[in-house]
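Reading through the structure tokens given below for one structure.
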Amino acid sequence: MLKIYKIDASPVIDFAAEELKKYLRMMMPMDGEITIEYKPDAKDGFRLGLMQTFGLDVSDAENTELDDILYMDTTCEGGIIAGDNARSVLLSVYEYLRQNGCRFLFPGIDGEYIPMKRIAPVKYRHKPSMRYRGQVNESATSHRAMLETIDFGPKVGQNCYMIQFLIPGDYYNQYYGHNNNRHRTPEPLTEDQVLQYKRHCEVEIAKRGLQFHDAGHGFTIEPFGISSTVFDARDEAMYPKEAIDCMAMINGKRGFFKPAFVSGDSGLGYPIYTNFCKSNPRARKKVVDYIIDYARRGTNVDYLHIWESDGANNQCECEACQKKSATDWYIQLLNEVDAEMTRLGMHTRIVFIGYADTIYAPEKERIHNPDRFTFMLAPISRSYTSTLPEPIENAVAHPYRRNNPLGKKRKNLSDFLAYGRAWKKSFPGASFIFEYYFWVPQYRDPSSLALARRIREDVFVYRDEGYNGILEDGSQRSYFPTGFPFYLYSRMLFDLTLTYEEIRDEYFSAAFGEDFKDFYAYLEEIEKVFDIRYLSGELSANEAIGTYYNPALKKSFERVEDICAEMEKVVKKNYNMSERARTVSVRLIERHITYCRMLAKVLACKCVGDDAGAKAALDTLWSTFDLLEYEMEANYDHSLCMSALNRIVKTPSDLSAKKKREEEEFATSEDLH
């Protein structure tokens, strides 16, 4: 009988011991019970604890609270499984299981491939390549998806999780409101219910010892009694005059900002896209006090993100505000928050962001206490068709111009990194990247392989630029047709020495069994047909006709039927597998075949300028997946997918009225949340 001993007392190590027991029992179901006991002086069995307790070297960790080191030295009967902090002990347990053949392919029990086999000895020590490795909530989110995602992260080596917004009501209500599904009845949630769900998530994050990143947008309006969960303000009487008087002045008027992409809306504007007047000392103090109060109550928060509004070109134009750049006012606010935290003896870490108007480095102000702060660069409007289309040295970090941008949004990652270099001259402290792979970009690559290769290339570039990790802002249901890109994302941040081929074979062999190469080959063919450059709007043969006009691609889309017919034979052969995770993976490919057939019809029309035909074909696809969503929703975000595809079929006349203003803004409706 195997025994598990906890050498150190910690709720996270308690959980790690339970996880080790659970999976060992699943791997060896006939070997009897496995006991767990707290026993600091244990000499046999599996011993779980801190490396420091075992007298092991942790000197390569700059900060043992933030940097993970995984250690294991085991036989078939037990041994040491340790880490330099409690979270790392849990990560070591999952890595031990991985090295014994377990694979965690996507969130939930259906994504777990647990072989029935005898455990083998493992000797391993590893410090992950990046400090920050995590995911952020985004898009249509069920509470089940949130909980399963939090559970999944550390199983693939992640150590962070971020919950955006003070109350993430919009993301929950995108799902429970069943946006973009004409066959499901809305089930809207109250703010109180969403707040309860958020607290539940926080408990699950703490149980695993994950670094908890919190908030972000919302601090520009919540301090004034304006909810950040109500995107479209319609009743002016709801908002006190003193609150409106603190909002940014745009074109001589204070109120809620209305971006170009909602210019036809009848509402008053969007609070979440609205900044406040930072030169107003009373308003600024109100924001500082609110942040301090929030941080004092949120002692479980490891990193508090303080961002500006979720928009661009919406900075206050009053005479006082124009004396400094938007970023300089932002840094002044952050320094005032830090000063008050220091006075109160608070140790909360703060993340500040290079995004929209704060992509520009400050001109005058500087962070006074770098130890408290971490810089995060968010390349929101970058293209995912290439990593560096031009050297960073050729990109230009333009000077700031208030609410008067340069004429088009930034598309090259090199542009963002040029601004990042300017920021690093101002702030040489800790930094990481906020990415968007599993937001809209995933639905511009039906194969998922182009996106996977982009992730791999990006990680090396980010490392070389001095960024120590990535938080990935995307749907919690980004595993269609497979979870390979997300798996690769996680494994790359964990270990940059791994090759693409190693990660590919590890994932696909676990997901599809002995015929895994046939499944990968199918996705390679799909990648050739559905070029990510075309679905990203970068292969137009004539922009005057349309962004997606390219008649030469029609024959390629017509090949999809033959590709899918051949793949159906492979699916039929592997339809019912002995392992549940493989059966689910194969069934997702079956649905993907349907998706690709229908998408090919949409694009075959769109590429020749048949807009009516494209819209009709999308409606067929849409209706079909309305009905399939419930079956697939753990892996597939129907609301986000249909939003992404709907933008493709829009006609020039649909977009022309807004085109000029959108081009003059930093971000379009796709780029904002």
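Please treat every number below as a calculation from the coordinates, not as lab data. Only a predicted model underlies this, so the values are computations on that prediction, with no experimental measurement involved. Positions of Cβ are generated from backbone atoms using ideal geometry, with glycine treated the same way; all protein chains shown enter the neighbour counts.
As a proxy for reagent exposure, ranking CYS318, CYS607, CYS160 by other Cβ atoms within 10 Å from fewest up yields CYS318, CYS607, CYS160. Which of the trypsin sites (Lys or Arg not before Pro) found in the stretch 43-101 are in a DSSP loop and have at most 11 neighbouring Cβ atoms, other than their own, within 10 Å? Hits after loop and neighbour filter: LYS43. Centre-to-centre, using Cα atoms only, the stretch 603-644 and the stretch 52-93 are separated by 47 Å.
Legend: translational diffusion of the chain by Stokes-Einstein, Rh = Kirkwood radius over C-alpha pairs, 10 °C, 1.306 mPa s; D = 60 µm²/s. Out of the stretch 275-336, which GluC sites (Glu not before Pro) are coil in DSSP terms and have no more than 15 other C-beta atoms within 10 Å? When the GluC sites (Glu not before Pro) of the stretch 275-336 are filtered for loop state and at most 15 Cβ neighbours within 10 Å, GLU319 remain. Across the stretch 113-125, computed HN-Hα scalar couplings (Karplus, 6.51 cos²θ - 1.76 cosθ + 1.60, θ = phi - 60°) run 9, 10, x, 8, 6, 6, 6, 10, x, 9, 10, 7, 9 Hz from first to last residue, x flagging Gly and Pro. Relative protection proxy for 220-226, 480-486, 120-126, from highest mean packing down: 480-486, 220-226, 120-126 (other beta-carbon atoms within 10 angstrom). Remark on HIS398: its backbone amide H falls under 5 Å from none of the residues 5 or more positions apart or on other chains, H modelled at 1.01 Å from N.
Subtracting the Cα-Cα distance of ARG597 and THR35 from 0.36 nm times their residue separation leaves 197.1 nm of extension gain.
In whole percents, the pair-distance distribution calculated for the stretch 481-594 from its alpha-carbon pairs, binned every 10 Å from zero, is 12, 35, 30, 18, 4, 0.
Karplus-based coupling profile of the stretch 491-507, in residue order and whole Hz: 5, 5, 5, 6, 8, 6, 7, 5, 8, 4, 5, 4, 5, 4, 5, 4, 6, with θ = phi - 60° in 6.51 cos²θ - 1.76 cosθ + 1.60 and x standing for Gly or Pro.
Summarising the amide proton neighbourhood of PHE165: residues at separation of 5 or more, or on other chains, whose placed amide H is nearer than 5 Å comprise ALA215, GLY216, HIS217. Judged by the gyration tensor of its Cα atoms, with axes a ≥ b ≥ c, the stretch 123-200 is prolate; a/c meets the 1.5 cut and a/b is the larger of a/b and b/c. Note on LYS117/ASP245: beta-carbon distance plugged into 1/(1 + (r/R0)^6) with R0 of 56 Å gives a FRET efficiency of 0.25. Modelled spin labels at PHE460 and GLU187, positioned 7 Å past Cα toward Cβ, are 4.6 nm from each other. Within the chain, antiparallel bridges make up roughly 30 percent of the DSSP beta bridges whose residues both belong there.
The sum of -39500 (n - 2.57) across all DSSP H runs of n ≥ 4, divided by the residue count of the chain, sets its helix-only mean residue ellipticity at 222 nm to -13000 deg cm²/dmol.
In order along the stretch 633-650, the phi-based Karplus estimate (6.51 cos²θ - 1.76 cosθ + 1.60, θ = phi - 60°) of 3J(HN,Hα) comes to 5, 5, 10, 9, 9, 5, 4, 5, 4, 5, 5, 5, 6, 4, 5, 5, 7, 4 Hz; Gly and Pro are listed as x. Computed about the Cα centre, the dipole magnitude for the chain is approximately 580 debye when only Lys and Arg (+1) and Asp and Glu (-1) carry charge, each at its Cβ. Between ASP371 and GLU340, residue separation times 0.36 nm minus the direct Cα-Cα distance comes to 9.7 nm. Computed over neighbours whose Cβ is under 13 Å from that of PRO29, the net charge equals +3, Lys and Arg +1, Asp and Glu -1. Rounded to the nearest 20, the Cβ-based charge dipole of the stretch 3-126 about its Cα centre (Lys and Arg +1, Asp and Glu -1) stands at 560 debye. The tail of the calculated P(r) for the stretch 3-126 beyond 18 Å holds 49 percent of all Cα-Cα pairs. Taking the fewest neighbouring Cβ atoms within 10 Å as the starting point, the ordered list for THR64, THR624, THR185 is THR185, THR624, THR64. For the stretch 565-600, the set of GluC sites (Glu not before Pro) satisfying both a DSSP loop assignment and a count of at most 11 other C-beta atoms within 10 Å is empty. Pairs with C-alpha atoms separated by more than 32 Å, drawn from the list LYS207/LYS364; LYS3/LYS572; LYS21/LYS573; LYS517/LYS554, are LYS207/LYS364; LYS3/LYS572; LYS21/LYS573. For the peptides 338-351, 293-306, residues were scored by their other Cβ atoms within 10 Å and the scores averaged per peptide; the highest-first order is 293-306, 338-351. A full extension of the chain between GLU631 and ALA9 corresponds to an added length of 219.7 nm, given 0.36 nm per residue minus the alpha carbon distance. Between ASN63 and LYS569, the FRET efficiency estimated from the beta carbon spacing at R0 = 35 angstrom works out to 0.05.
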